[in-house]
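Computed from the coordinates by the stated procedures, all read-outs in this text should not be read as laboratory data. Keep in mind the model is a prediction, meaning the values are calculated, not measured. Here Cβ is always computed from backbone atoms with ideal geometry, including for glycine, and neighbour counts include all displayed protein chains.
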Amino acid sequence: MPTQYQIEARLDYLAKAVSVVEVIRYTNSTGEALSELVFAVEANRYSRVFSLESLTAGGEALAEYELEKNRLAARLSTSLQPGESLEIELRFQLELPEIPEPGDDRRPELFGYTERQVNLVDWYPYLPPYLAGEGWLLHDAWYYGEHQVYESADYVVDLTLVNAPDTLVVAASAPAQSEGTHLRYELKGARNFSLSASPEYRVFNGEQGGTAIAVYTFPFEGNTGADILRHAQQALDLYTRLYGPYPHDSLAIVEADFLDGMEFSGLFFLSKGFFNIYDGSPGSYLISITVHETAHQWWYETVGNDQALEPWLDEALCTYSEYLYLAEYHPEAIPWWQQVRVDFYQPEGPVDGSIYDYSGYIPYRNGVYLRGAKFLADLRERVGDDAFFGTLSDLVQHYGQADLLTSDAFFNTLAERSTADIQDLVAEYFTAQP
Ligand SMILES: [Zn+2]
């Protein structure tokens, strides 16, 4: 039974504040008795943003808890036995942080508000995966890269808008089931549930293979949203054919009022910086990042991994998916991709480091993303298309919405499809030997 999240949120748009009642129905499928629950509370990494008003489990207040940085650990009065279920309720307030202006000395922040946008991402406490014998899988944030690991869970979100302009448009991880100031969403088999609201969004709607796609841009971007929509439709079509079905009913693509692209379940952000340098060509960051983030709906969303310890498993696959997209639809743009996106940086470094292993964002990206994509290209050439793409669709089938993918599982799945000797490739790109 996947964990069920029922979240009632009241967003005061003017005050930039959210009050939330969150009910989590959790079944202990870890095989171990649990004496403690650990929640990831990313909003608590910001000062004076998250305040917990109450925490109960099975109707009883959990008085013994510790909240430090992104970790909320609560002791249970009686251990939760394997197979047992528990209903947990959290009531909390968010005073949203202002998203800072971009600077070279800090990573882009996504959570919070700017003059024209409110982003609720990783905004509620959630239970990370629990590994038998190891415990709750919750990592510290780092200066770059993503540190969170998500279970696949089911969501019902009720959003009430207060003090909001009539023109407010809300983008979300799922289609809204009602209109007006009360919005209801349901999303199954997802890593998280995210929202982005702005009174300025211009919306470009389309669909692909039954999936509704909506692109939300600021009005000064002209018709760039239509280009993004077209490329996202093609990417969704290609990745469905290569990897397996798209996991949700909808995809929201949101222009970010910060300088970063970022994937979430059924929703991703595209940096306004990529819009600024877009020249209409498929050989451009805006389009490559569009299809990269689309690919995360398979590598991150459908097939989960430990983004902190083995980031190559989603990032290398999504970067290589950029190439696959151009090769399928816009081969004339491949020289741009190879020269500007990859070779320009003369990437070095291992593919398989954790986010904590590199000396900065650039070495991290060069190793994990860029050399990761080179590794996958070499691997494809070595094992052949049938084994390579067969392995990727096997991974989606075997790991989709289930266990987290690991490097070992990647290579074991490949070994079932191909007996080719890849030791030299692994030695060239990896520090650890599978
Ligand atoms: Zn990525």
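Can you list which of the GluC sites (Glu not before Pro) found in segment 124-184 are DSSP loop residues with at most 15 other C-beta atoms within 10 Å? Of the GluC sites (Glu not before Pro), the ones in loops of segment 124-184 whose Cβ has at most 15 other Cβ atoms within 10 Å are Glu134, Glu179. Measure out, as a whole number of angstrom, how far apart the alpha-carbon centroids of segment 346-367 and segment 220-284 sit. The distance from the Cα centre of segment 346-367 to that of segment 220-284 comes to 25 Å. Count Lys and Arg as plus one, Asp and Glu as minus one, and take only other residues whose Cβ is under 10 Å from that of Val368; the net charge is then -3.
All other residues whose Cβ lies under 14 angstrom from that of Ala427 are scored, Lys and Arg at +1 and Asp and Glu at -1, for a net of -3. Relative contact order for segment 1-145: 28 percent, from Cα pairs under 8 Å spaced at least 6 residues apart, divided by residue count. Dipole size of segment 200-297 about its Cα centre, with +1 on Lys/Arg Cβ and -1 on Asp/Glu Cβ: approximately 200 debye, rounded to the nearest 20.
Packing, as the average of other Cβ atoms within 10 Å across residues, places the peptides 299-305, 405-411 in the order 299-305, 405-411, highest first.
When segment 238-319 is described by a simple charge dipole with +1 on each Lys and Arg Cβ and -1 on each Asp and Glu Cβ, the residue from Leu267, Ser288, Ala316 located farthest towards its positive end is Ser288. Could you tally the net charge around Asn205, taking each other residue with its Cβ under 14 Å from the Cβ of Asn205, Lys/Arg +1 and Asp/Glu -1? Around Asn205, the charge tally is 0. Taken about its Cα centre, the chain carries a charge dipole of about 480 debye when Lys and Arg each add +1 at the Cβ and Asp and Glu each add -1 at the Cβ.
With contacts taken as Cα pairs under 8 Å and at least 6 residues apart, the chain reaches a relative contact order of 12 percent.
Farthest toward the positive end of the dipole of the chain, out of His398, Ala212, Gln4, is the Cα of Ala212, where the dipole comes from beta carbon charges about the Cα centre.
Considering lysine pairs in the chain that are 8 or more places apart or on different chains, how many have Cα atoms under 29 Å apart? Final tally of qualifying lysine pairs is 5.
Starting from the Cα coordinates of the chain, work out the convex hull volume and express it per residue in Å³.
Taking the convex hull of the Cα positions in the chain, it is 137 Å³ per residue.
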